Amino acid sequence: MNYSHEVENMCVVKKGPDHGPAPIPEEGKWVKAKEIKDISGLSHGIGWCAPQQGTCKLTLNVKDGIIEESLVETIGCSGMTHSAAMAAEILQGKTILEALNTDLVCDAINVAMREIFKQLAYGRTQSAFSEGGLPIGAGLEDLGKGLRSQVGTMFATRAKGVRYLEMAEGYILNIGLDEDNEIIGYKFVHLGKMMDMIKKGVDPKEAYEKNISTYGRFAEAVKVIDPRHE
């Protein structure tokens, strides 16, 4: 350790307080985190790239400083989906400090890692007050049946109004309008459930028809439109 001449000539003043860091909540315990291995928890981080063309939601389940589970969800950029595949392979088994200082291929994923690191380091995790934390695999619960990300895709113009394209329920097939041309419901197909049936050998047409449902007052619609092909 090198000291400047001014510091070398200073007298020693003893440090009084030495109580360590403030405790943070981690998996139902109060922990004074001093090292990376002291950090545990499950949380989410949101990131974006420089042109803000796409975004990433990153979910990590950290145990004793090690990433045991990761869920990488991206939207808005086709290349980002491939970046997510690489990032998911990179993240597992790394400490959260290693992951913070690793190129996770895409700026949006890197930013998400930065944001989630702050939550973990400050004890602001989803599992902060859950005794024992959450089991490995808990990240999949956000995806629901069919293991698909919850996506909302809407398009609208001032001239022609709104078009619902995809909701949490599924891929929108039709929009129902009332006599004032206002939306009162929609018909959708649940793609995750449909693909599960097809994988089990069900005829694709039958699987498609069995997973169609409606939302709202679609049955009362005066006019029905296809949001993609009118």
Relative to the longest principal axis of the C-alpha atoms of the chain, give the angle of the C-alpha long axis of helix 78-91, reported between 0 and 90° and rounded to the nearest 10°.
40
In the Gaussian network model of the chain, springs joining C-alpha atoms below 10 Å, which of MET80, MET195, MET113 carries the largest mean-square fluctuation?
MET195
Please compute the contact order of the chain in relative form: average sequence separation of alpha-carbon pairs under 8 Å and at least six residues apart, divided by the residue count, as a percent.
16
Multiplying the sequence separation of GLU8 and LEU165 by 0.36 nm and subtracting their Cα-Cα distance, what value in nm do you get?
49.6 nm
Using a 10 angstrom cutoff on alpha carbons, build the Gaussian network for the chain and name the most mobile of VAL12, VAL202, VAL111.
VAL12
A correct Karplus calculation of ³J(HN,Hα) over segment 125-132, with 6.51 cos²θ - 1.76 cosθ + 1.60, θ = phi - 60°, whole Hz and x for Gly and Pro, returns 8, 5, 9, 3, 10, 9, 4, x
What are the lysines whose alpha-carbon lies under 29 Å from the alpha-carbon of LYS199, with same-chain residues fewer than 8 places away excluded?
LYS57, LYS145, LYS187, LYS210
Among ALA159, ALA108, ALA88, the residue with the largest mean-square fluctuation in a Gaussian network model of the chain built from Cα contacts under 10 Å is ALA159
What the Cα atoms of segment 40-125 span along the principal axes, largest first and in whole Å, is 34, 23, 18
Name the long-range amide H neighbours of ILE75: under 5 Å, sequence gap of 5 or more, or other chain; modelled H, no Pro or chain starts.
THR55
Hull surface divided by four, with the convex hull built on the Cα atoms of segment 17-173: how many nm²?
12.0
Cα coordinate range in segment 138-214, projected on the principal axes (Å, largest first)
43, 31, 16
Given an 8 Å cut-off on Cα distances and at least 6 residues of separation, report the relative contact order of segment 153-225 as a percent.
32
Which ordering of CYS11, CYS106, CYS77 is given by a fewest-first count of other beta-carbon atoms within 10 Å?
CYS11, CYS77, CYS106
Need the list of aspartates and glutamates near LYS160 for cross-linking: C-alpha distance under 20 angstrom, and skip anything on the same chain fewer than eight residues off.
ASP178, GLU179, ASP180, GLU182, ASP226, GLU230
If R₀ is 41 angstrom, what is the calculated FRET efficiency for the pair ASP180 and ILE136, using the beta carbon separation as r and rounding to 0.05?
0.20
In degrees, nearest 10, range 0 to 90: what is the angle between the Cα axis of helix 107-121 and the longest Cα principal axis of the chain?
60
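If we count other beta carbons within 10 Å of each Cβ, what is the order of MET10, MET154, fewest first?
Numbers: MET10 9, MET154 12.
Listing MET10, MET154 from fewest to most nearby Cβ atoms yields MET10, MET154.
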Each label point is 7 Å from the Cα along the Cα-to-Cβ direction; what then is the distance between the points at LYS200 and LYS118, in nm?
4.5
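Throughout, read-outs are computed from the coordinates displayed, never taken from laboratory work. These figures come from a predicted structure and were not determined experimentally. FYI the Cβ positions are ideal-geometry reconstructions off the backbone, even for glycines, and counts take in every protein chain you see.
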